[in-house]
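Structure first, commentary second.
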Amino acid sequence: MKFDVIDTQPKEILLADYAAYPFAIDTIALTFKLSPAETIVTSKLSCRRLGQASTVLELNGGPYMSLLSLHMDGVLLEAEKDYDLSEEHLRVYNAPKSFELTVVTSINPQENTRLEGLYLSSGNFCTQCEAEGFRHITYYPDRPDVLSVFSVRIEALMEDYPVLLSNGNPAGAGEIAGGYHYAIWNDPHPKPAYLFALVAGNLACLTDKFHTSLGRDVTLNIYTLEKDQAKCDYAMGALKRSMQWDEETYGLAYDLDVYNIVAVSDFNMGAMENKGLNVFNTKYVLASPDTETDTDFAHVEGVIGHEYFHNWTGNRVTCRDWFQLSLKEGLTVYRDQEFSSDMGSRVIKRIDDVKALRAAQFPEDAGPFAHPVRPEKYIEINNFYTATVYNKGAEVIRMMATIIGQAAFRKGMDLYFERHDGSAVTCEDFVQAMEDASGFDLRQFRLWYSQAGTPEIKVDVKKGQGSKTILSVSQTVPSTPGQDMKKPMVIPIVMGFATEHGDCLSAQGLSSNIRPLGNGSFLLMMTQGADEFTFEGVEPTAVPSLLRGFSAPVEMETTLSELQQYFILNFDTDSFNRVEMSDLLLKKEVYKIAEQIEASQTKTVSNKLIKSLGQCLEAYERDPALISSILSMPSENDCISSMKRLSIDAVFEARQFLGKKIAHRLRKSLQSVYLSSRSAAKSLSLKGDKQAVHFRRLQNVCLSYMAKTGGHAENRLIVDQFQDSTTMTNKLAALQALVHSSIGKRKQLIRHFYKAYRKDELVVDKWFAAQALSTHENVHSEIALLQNHRDFSYTNPNRIRSLIGMFTMGNLSAFHRRCGKGYEILANAILKLDDINPQVAARMLTPLGRYHKLDKERQVLIGKQLKRILAKEGLSKPVYEMASKAYEGLKK
Ligand code: ARG
Ligand code: ZN
C-alpha cells in the first residue's frame, strides 16, 4: 500500500548488501571546544586506502551539524571540486593511498532534544553514540566495522565544567587562558565510533579501586550530580562484583587503568558501554533503600554488570554490522543474567527473566514487528534494540550452553576470544566457535538466528508396550512478516519425571535423541516437525515435568491431566516448573470464568485451585520468594497473549473476578502470612540479611491481594504500611494498593507521597507510574491531568516511560477501553514526541502493534490512530518505520 502523505519512503538497509569499508582509519584525534550553543569539533583522521578500492572517501553525517572546513594533508578542500556534501554524506574525491583529513564541524548540544550525539543533561555535556550518533558530532565512517585508535582533547570553562572525561586513560590536563581548562584522553584499544564518549560537567565522584587478576590497579569512579552521591555505594559494589565474576567465570580481566561511570537523568535507554566511560541512566545507578525498591536494586546490579561485561563481549570483540547486534546484546544479556543468578537466587532470577521474555518478546514475535534475532533489513537501527535481539538472543545463547554443556560452552568462549579479539565479527563467527570447541553440529540450530516467531510445541504423553513411556512432541513455527514458510527448529527440552519423593531415577532404555543430564533430568533434542522420545522403567505414577527452567523460548501445550498438573505444582523438584504450573492453572481458571461470562452463566471458581494456593501459602517459610511467585496473578498481558477465541473484555473481567475471589477465600491466611512475613523481613533487614528481600516480596504479594477485598482491616494495614514503612519497596507497594483502592484518604495520601519526594526525580517517576496503573473508572482523565502536571515533561524519557509507557503497556484494561480514548492518548503523545525525540517516540508506538488478540472494532480504532500518525508532515524515520509496519499488519 502507498501512503500519499509520505513522498520519499525512507530507504531500507539490507544485510545482503554488506560490503567492507574500502579505507582504514588508523587513528582519529578529536578536539572539542565545548560550549552549550556552539561546540566546535576538530577531527584529524589518518586514512589509508585499502587495495584497489575506490578513490572516493564516503563519510556519514547528519542534518544537525555544519561543516566549517575540510583539509587534506593541510590543503583546504573546495566544495564540489574536491568534495560533495549532502544531508547524510560527505564524499571526498581523489583520495590518495594514504592521507590526513581534517574535518571541522560545529554543533549545538543545547538544542539537541533527541539525546543522540552530544547533548546536555542537567547542564552537563554527555554523549550517546550507539548506534549512529557519532555522525551528528563529526563526519566519519560511522559503522561498527571501522575500528580506530582515538585520542581526545576537551576544552571547556573550568568553573562550569570542572570534570572532563572521555574514553581510555587520562593523558594530561591543564589550564588555558580565559578561565578555560583542558584534558587529554587516550584510548589504546581500537574501537568503532559508537563506543566513543565524552562527558563534561560539574559532577561529584565516588572512587574505589580494583586489583585485576593480571595485576593491574584500576581506579573506579562513579560520577553523579552532587545530590546523588550518597546513593552510589551499591552500584560501586556491583561493579566490583562484576569485575570479579568475569575473571572467575570466563577468565576475563579489565584492560584500562580507569573505569568511569557517569549517571545522567536524560537518557534514551538504560545505559551505554562506551570504552572506559559508561554513561548510565540514573535509574540504573542510584540505589538507596529509602528511595529505591528491591527490584530497582536488582536492576542496578544487572545493568552495571551488563555494561561491564560488554567490555569483552561488545568492545574487545564487536559487531561487523548492526544486523549482528545480538552478537553482543544477546550474549551480554545472557552473561548478566548468569551473574545475577550467581549473586542471588538462580531460580527466582529465571522466573523473573522468563516473565519479562513473555511480557515483551512473545507479543513482539506474534505481531507486526516480529523479526529474527539477526534481522535482515531495517529502516532505523534504533528500532531493533528489541526484546527479540536482547532477550530472545540471550535465550539462544542459553540453549547453546544447554546443548553443548557448560564446560564446552566455556571452551567455546575462550576460542571466540582467541580468534576474534580486536575485530568486528558476526553471529555466525560465534556459533562457529561453539561448534568447533564442542564438536557439536549446530547447522540446524542456526535457524534460531534467522527464523522469527515463537515455536509452538505439543507434547503428548503416552504409555507404550510393557514399561515404555513415550513422549510425542510436535512443533510448528507460526508465520511472521516476510516469512511464511518455516523449517523445524532444534528445540532442547529439559525434563524429568516427578514423583512424591523427588525425581524418578529408574528411567533407562532411552531413545538416542535423549541425553541424561545426571541430576534426574534429561535433555530431549527435538529436531523435526514431530519427534518421539521413549523411556523404559519409569515409575508408573511419575509425572513428566517438561521444559524445566524454560530450556527453550517456546509456547508449550501438553496432554497432562489436571491431576498431573496439580501434582507438578505440589511435588516437582524443579521450582521453576512449580511456578509455571500455578501460572498455567490460574490462566486456565481465568479462561474458564471468561467463557462463563461470555455464555452469561454464573461465574465459579475451582475449590481445588484455591485450596492448593492456600496450601502453598501456608508453607511459605521455606521459600517465601518462590511462594510469592506461585501466588502471583498472571498479568493482563499474559492472560491475553495465550487466550484463544475469547474477548479481552471477558478475560479482563474474569481475571479481576478470580483475583478478588482468591483474596476473599484466602483472606485469613493472606493476612497472617502478610503479618509474619512483614515482621520476618523487618528483623532480617535489621541484621543486614539479604533474605529480607524474599520476605518483602511475599509480604507485598499478600498486600496486593488484601487490597482487592476492600475490607476495613485490610485498608487499615495498607494505610499503615504506607505511613510507617521506611523502605521504598514497602512504601511503593502500599502506594500501588492505595491507587487502586477506594480508601477515603486516597487522594490526600497520593498527594502526600508527591510532596514528600518531589525533589527526587526517580521517585516522582514511580509516583507517575503508580497512577498510570490505576484501575479506576476515570483513569483516562487522571492520565490527562498527569500529562498537565508541572513535573511531566516530553523531553525526559524516564518521565515519558513512567506515565505513557506504563499506561499503555502495563495497564491493558485501561488502555484498551472500548471508547478508543487510550489509543488517542498514545497517538497524541507520539505525535508530540516525534518532533522532540523520535527514537523514544518510536519505542512508545509498540502497544499500537499489539492488536492480534483484539476484536475488529478495536483494531479499527487503532488503525485510525496509526493513520493519523502516518499523516503527520515530516514524520521521523523511526516513527514511520514502526507505524507503517503496524498499519500494514492491521490490514492482513
Ligand atoms: N548498548 C547499550 C546497551 O547495552 C544500548 C544502547 C542503545 N542505545 C540506542 N540509542 N540504541 O545496553
Ligand atoms: Zn547491551
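Quick note: the coordinates plus some simple rules give every number you see, no bench work behind them. Computed from a prediction, not measured in an experiment: that's the story for all the values here. Note that each Cβ is placed from the backbone with ideal geometry, even for glycine, and that neighbours are counted across all protein chains shown.
Things to note:
- Highest average packing first - 695-703, 498-506, 732-740, Cβ atoms within 10 Å: 695-703, 732-740, 498-506
- At most 14 other Cβ within 10 Å, DSSP loop - trypsin sites (Lys or Arg not before Pro), the stretch 388-459: R443
- Radius 14 Å from Cβ of A619, net charge of other residues (Lys, Arg +1; Asp, Glu -1): 0
- Max-minus-min Cα coordinates of the stretch 261-319 on each principal axis give 39, 21, 16 Å, with the largest extent listed first.
- Helix 712-724 axis, angle to the chain major axis (alpha carbon atoms, nearest 10°): 30 degrees
- Label sites at E428 and S683, each approximated as a point 7 angstrom past Cα along Cα to Cβ, lie 6.3 nm apart.
- Gyration tensor verdict on the stretch 143-237 (Cα atoms; rounded if a/c is under 1.5, prolate if a/b is larger than b/c, oblate otherwise): oblate
- Isotropically averaged projected area of the stretch 669-733, using the convex hull of Cα atoms (one quarter of hull area), nm²: 3.9 nm²
- Annotation: the residues S54, S575, sorted from fewest to most other C-beta atoms within 10 Å of their own C-beta, follow the order S54, S575.
- Residues E873, E562, sorted so that the one with the fewest Cβ neighbours within 10 Å comes first: E873, E562
- A Förster radius of 51 Å, combined with the Cβ-Cβ distance separating T295 from A79, puts the computed FRET efficiency at roughly 0.40.
- Shape call, the stretch 363-464: gyration tensor on alpha carbons, a/c limit 1.5: oblate
- Extension gain (nm, one decimal) between D835 and R515, 0.36 nm per residue minus Cα-Cα: 109.6 nm
- Members of K821/K867; K44/K877; K766/K832 lying beyond 25 Å, as alpha-carbon distances in this model show: K44/K877
- Local electrostatic count at E116 - Lys and Arg +1, Asp and Glu -1, tallied over other residues with Cβ under 10 Å: 0
- Most simply put, the stretch 164-305 has about 65% antiparallel DSSP beta bridges, counting only bridges with both residues inside it.
- DSSP beta bridge pairing in the chain, given as percent antiparallel to the nearest 5: 80 percent
- Whichever lysines have a C-alpha closer than 22 Å to that of K682, once near sequence neighbours (fewer than 8 apart) are set aside: K231, K668, K690, K731
- Point-to-point label distance, N108-I470, nm (Cα→Cβ direction, 7 Å offset): 7.4 nm
- Ranked for footprinting exposure by Cβ neighbours inside 10 Å, fewest first, I783, I836 give I836, I783.
- Rg and Dmax over the alpha-carbon atoms of the stretch 519-623 stand at 16.3, 49 Å.
- Cα-based shape type of the stretch 780-892, given that a ≥ b ≥ c are square roots of the gyration tensor eigenvalues and the cut on a/c is 1.5: oblate
- Proximal charge balance of S69 [Cβ under 13 Å; K/R count +1, D/E count -1]: -1
- Highest average packing first - 583-591, 802-810, Cβ atoms within 10 Å: 802-810, 583-591
- Net lengthening on full extension, A230/E500 (0.36 nm per residue, minus Cα-Cα): 92.1 nm
- The chain: angle of helix 393-404 to the longest principal axis, Cα-based, in degrees nearest 10: 70 degrees
- Between R216 and D421, the FRET efficiency estimated from the beta carbon spacing at R0 = 30 angstrom works out to 0.95.
- With 22 Å as the limit, the listed pairs K487/K856; K328/K487; K328/K458; K355/K747; K588/K660 have K487/K856; K328/K487; K328/K458; K355/K747 beyond it between alpha carbons.
- Semi-axis lengths, Å, the stretch 56-151, gyration tensor of Cα atoms, sqrt of 5 times eigenvalues: 25, 15, 12
- FRET E, pair Q596, T559, Förster distance 25 Å, beta-carbon r, rounded to 0.05: 0.55
- Taking every C-alpha pair closer than 8 Å and separated by at least 6 residues, the mean separation divided by the residue count of the stretch 86-194 gives a relative contact order of 23 percent.
- Length available on full extension from A53 to E175: 0.36 nm per residue minus the Cα-Cα distance, which gives 39.5 nm.
- A simple rule links phi to the HN-Hα coupling: the Karplus curve 6.51 cos²θ - 1.76 cosθ + 1.60 with θ = phi - 60°, which for the stretch 281-289 gives 5, 3, 3, 10, 10, 6, 8, 9, x Hz, with x for Gly and Pro.
- Sparse-neighbour loop sites [GluC sites (Glu not before Pro); the stretch 701-805; at most 10 other C-beta within 10 Å; DSSP]: E777
- For the chain, the dipole from Cβ point charges (+1 on Lys and Arg, -1 on Asp and Glu) about the Cα centre works out to 3300 debye, to the nearest 20.
- Of the trypsin sites (Lys or Arg not before Pro) in the stretch 75-168, the ones in a loop by DSSP (not H, G, I, E or B) with at most 13 other beta carbons within 10 Å are K81, K97.
- Along principal axes, Cα extents of the stretch 1-103, largest first, whole Å: 51, 42, 26
- Above 53 Å, the calculated P(r) of the chain contains 14 percent of its Cα-Cα pairs.
- Per residue, the average separation of C-alpha pairs within less than 8 Å and at least 6 apart gives the chain a relative contact order of 9 percent.
- The amide H of A542, built 1.01 Å from its N in the peptide plane, has no neighbour under 5 Å, considering only residues 5 or more places off or on other chains.
- Furthest towards positive pole of dipole, I107, A681, V554, structure part the chain, Cβ charges: A681
- Taking all pairs of distinct alpha-carbon atoms in the stretch 642-793, Kirkwood radius in angstrom: 16.7 Å
- Dipole size of the stretch 814-872 about its Cα centre, with +1 on Lys/Arg Cβ and -1 on Asp/Glu Cβ: approximately 200 debye, rounded to the nearest 20.
- Approximate shape of the stretch 193-252 as ellipsoid semi-axes (Cα gyration tensor, √5λ), whole Å, largest first: 24, 16, 11
- For the stretch 163-213, relative contact order (Cα pairs under 8 Å, six or more residues apart, normalised by length) works out to 41 percent.
- Between helix 728-740 and the chain: long-axis angle, C-alpha atoms, 0 to 90°, nearest 10: 70 degrees
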